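Working notes for the structure below.
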Amino acid sequence: LAGIFMLARSLSPLFGKTEAWIAVLASVGASPILFYAALEPLMSHGLTFGASAMTLALTLDAEKGGRRRAWVGPGASLGLATLCRTQSVALALFVAAGLWRARAGWRPATVAAAAALAVFSPQLIAWKVLYGSFVTIPQGSGFIDWTGRHTIDALLSADHGLFNGHPALFPGLLGLVVALQGSRAYALASLGIFSFTAFLNGSVADWNGSDAFGGRRFDVVVPLF
C-alpha cells in the first residue's frame, strides 16, 4: 500500500493525478500483485512490488530535491527490494538514471550505493553463514542456465506467460517506448530492467513459476508499467 501511494503521488505532477492513479491501480489490479499481496502475503512478490515502487518514487523525488542526503531513500529502497528478491538489483539502472538526470555527481551516487549495501547486507551475511559465500544462488548452480531460451515463453506462453495472463500490462510496455521521446534516461533504464528480468525469468529451470498465479516473477517491473 505504501508503494502504491508513493508511486501515484510521485507520478501525479508529471502526468496528472487522475492519470497516475489509473495507471498505478490498473497495473496492480491487472497483474499478479493483488493476489500475492492479499492471498499469499508470505511470498515475496507483494513486498518486492512495494519496495520496487518505493524505489521509483523516491528516485523521482530525489531528482527534484537536489540534496545529497535525498539519495539515501532511493538507495535504501533499492537495497530493500533486492533483499526481498535478488533480481531487483536491476533497479539500480533506474536510480542511476535519476542521478544522471539530476547531474548529481559521484557523492550522491556513493550515498545511494552505501545505503543500498547497508540494507542488503543481512542477506550477504546469511548467505555466508549458510553457504560459505557472500554471494550465491541458494537453489544450486543448475537453477539458472543463463541462456534465456524461455524468455518468449515467460512473456507470452499460455503457461503463466506475463502478457498472456495479464494483457492489460502490455500498454505499459508500449508506454515505455513512447517515453523515449520525453524521458529517455528513465525509459532506457526501465526497458533495460524489463529486458533483464524477462531474460532471467526465461533462464530459470521452472520458467513458468511452477504453481503460480500468472507471471509472478515480474513483480519488480510492474511499477515500471
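The values are calculated or read from the model by the stated rules, or taken from the named source; none is laboratory data. No experiment lies behind these values; they were computed from the predicted model shown. Here the Cβ positions follow ideal geometry from the backbone for every residue, glycine too, while neighbour counts run over all protein chains shown. Side chains are part of the model used for accessible areas, which takes the heavy atoms of the whole protein and leaves out ligands, DNA and RNA. Shrake-Rupley method; radii C 1.70, N 1.55, O 1.52, S 1.80 Å.
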Which of rounded, prolate, oblate describes segment 145-225, given a ≥ b ≥ c as roots of the alpha-carbon gyration tensor eigenvalues and a/c under 1.5 marking rounded, otherwise prolate only if a/b is larger than b/c? prolate
Could you state the accessible area per residue of the chain in Å², with a 1.4 Å probe and every protein chain left in place? 49
Quantify, in whole percent, the carbon and sulfur part of the accessible surface of the chain (1.4 Å probe; protein heavy atoms only). 67
Three-way shape call for segment 21-138 based on the alpha-carbon gyration tensor, with the a/c threshold at 1.5: oblate
Give the span of the chain's Cα atoms along each principal axis, as three whole-Å numbers ordered largest to smallest. 44, 43, 31
In deg cm²/dmol, rounded to 500, what helix-only [θ] at 222 nm does the chain give when every DSSP H run of at least 4 residues adds -39500 (n - 2.57) and the total is split over its residues? -19500 deg cm²/dmol
Report the extension gain between SER141 and PHE5 in nm, rounded to one decimal, defined as 0.36 nm multiplied by the number of residues separating them, less their alpha carbon distance. 45.1 nm
Which distance in Å, rounded to a whole number, links the C-alpha centroids of segment 1-41 and segment 129-199? 19
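So how do 213-225, 172-184 stack up, highest first, on mean other-Cβ count within 10 Å? Can you show the working numbers first?
On the way: 213-225: 26.2, 172-184: 13.8.
Result, highest mean first: 213-225, 172-184.
What relative contact order, as a whole-number percentage, does the chain give when Cα pairs under 8 Å and 6 or more residues apart are counted?
The value is 24 percent.
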With the 8 Å Cα cutoff and a minimum separation of six or more residues, segment 1-52 has a relative contact order in percent of 36
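Give the relative contact order (percent, whole number) for segment 72-152; include only Cα pairs under 8 Å separated by 6+ residues.
It rounds to 32 percent for segment 72-152.
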